[in-house]
Amino acid sequence: MSAETGVPLARVCWLLVAPRSTIYARRGKALESCGATPERVPRGPRPQVSDDALLAMIREVIHQAPFAGEGHRKVTARLRRERKVCGGRKRVLRLMRQAGLLAPQRARGRRKPRPHDGTIIPSAPDLLWGTDATMAYTRDDGWVWAFVAVDHFSAEAWATVAKRGDRFAATEPIYDAVRQRFGKVTPDVARGIACRHDWGPQYTSGHFQGALRWLGIEAPPAFAGEPPCNGCAERFIRTLKEQCLWARTYADLDDLRTAVCAFVERYNTQWLIERHGHRTPREAYALVRQVVAA
């Protein structure tokens, strides 16, 4: 509102063809020259929850989260899922940054040209699985193996721990996935599924390849720099290491096997997947099944 005429400032600026930003900037300089600080009011509607109250909720969500190192996106999703607080993602990011609650991240390097613009996410579950392996250390049994299988669509995972990283242990997570999806392990029960794997000796062995053929699963290998790669299994292994394998020192093989089984169940039921609207892998799979059944 113009103090001289009582006419709204927007109309005065429109008649004079003058930008309002110039008027506001000159007013601010005039107040600063007089020693006064201009009042800055954030634009938009006032939020229902103050910054202090929202920050307290953020700290509680981080403390009660079943996983470590979750970023502002998942904190925002958990606020909506568990506390029905619809805080803006950028607002949550600002508060977490100011309070030092963001997880440390590696510095980004210069972006390199992508070898392809494809995707490894299929259009439905039980079309493409991925499998890979890693190693973990135990105090009594030394280095042991962890084999995983992941559904590329829903990100649901299965894992097994074995003393030897041989071809027999490599098939165990595949059998677990088949039992959970189809109820039993029989010939051709999983026909229509492709299983992506690398060129490790366990996966190129006759036993592993024969087991997949017996189940009716195709076995196309992964190629570096190509769309049908093994990225989903590798990403789950990274999560498994950060949240479980590297979390503490394990006594022996049984101790590690118990911890991995508990983590996989917690991951499938509580880990939030952003591409599924921050749903868990089990929720994403169940939602697709409901749509197909309808």
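The values are calculated or read from the model by the stated rules, or taken from the named source; none is laboratory data. What you see is a predicted model; the values in this text were computed from it and never measured. Cβ coordinates were reconstructed from backbone atoms using ideal geometry, including for glycine residues, and neighbour counts include every protein chain displayed.
General observations
- One residue alone among Q202, Q209 is touching a helix residue (DSSP H, G or I) at 6+ places or on another chain (Cβ under 6 Å) and at negative phi, and that residue is Q202.
- Criterion violated by T138 - all others in (1) surrounded by fewer than 11 Cβ atoms within 10 Å (Cβ to Cβ); (2) over 30 Å from E283 (Cα atoms); (3) not small (G, A, S) satisfied: (1)
- Meets criteria (small (G, A, S), surrounded by 11 or more Cβ atoms within 10 Å (Cβ to Cβ), at pLDDT 95 or above and farther than 23 Å from R279 by Cα) for A146: yes
- Subset of the range 248-262 that is surrounded by 13 or more Cβ atoms within 10 Å (Cβ to Cβ) and free of Cβ contacts under 8 Å to residues at least 60 places away in the same chain - its residue that is nearest to A65 (Cα to Cα): A259
- Any hit, the range 206-218, residues being among the charged types (D, E, K, R) and within 30 Å of L272 (Cβ to Cβ): no
- T204 vs. criteria more than 28 Å from the chain's Cα centre (by Cα), modelled with pLDDT under 95 and not in a helix (DSSP H, G or I): yes
- Residue in the range 227-237 that is surrounded by 12 or more Cβ atoms within 10 Å (Cβ to Cβ) and farther than 24 Å from V161 by Cα present: yes
- Residue tally, condition out of contact with any Leu (no Cβ under 9 Å at 6 or more places or on another chain) and assigned to a helix (DSSP H, G or I), over the range 245-269: 11
- Counted residues, the range 264-294 - those being hydroxyl-bearing (S, T, Y), over 11 Å from the mean Cα position of the chain (by Cα) and buried (at least 17 other Cβ atoms within 10 Å of the Cβ): 1
- In the condition set (1) surrounded by 10 or more Cβ atoms within 10 Å (Cβ to Cβ); (2) modelled with pLDDT of 90 or more; (3) basic (K, R), K84 is compliant with all but (1).
- Filtered residues of the range 120-149 (kept if outside any loop (DSSP other than H, G, I, E, B) and of a type in the set (D, E)): D132
- Residue within the range 270-278 that is closer than 25 Å to A136 by Cβ and part of a helix (DSSP H, G or I) present: yes
- Index of the failed condition, T171 passing every other in (1) assigned to a loop (DSSP other than H, G, I, E, B); (2) among the polar types (S, T, N, Q); (3) in contact with a helix residue (DSSP H, G or I) (Cβ under 6 Å, 6 or more places away or on another chain): (1)
- Flag if V144 is aliphatic (A, V, I, L, M) and over 17 Å from the mean Cα position of the chain (by Cα): yes
- Residue in the range 213-233 that is among the polar types (S, T, N, Q) and under 17 Å from V150 (Cα atoms) present: yes
- Among the residues of the range 97-118, those identified as at pLDDT 75 or above and surrounded by 10 or more Cβ atoms within 10 Å (Cβ to Cβ) are R97, Q98, A99, L101, L102, A103.
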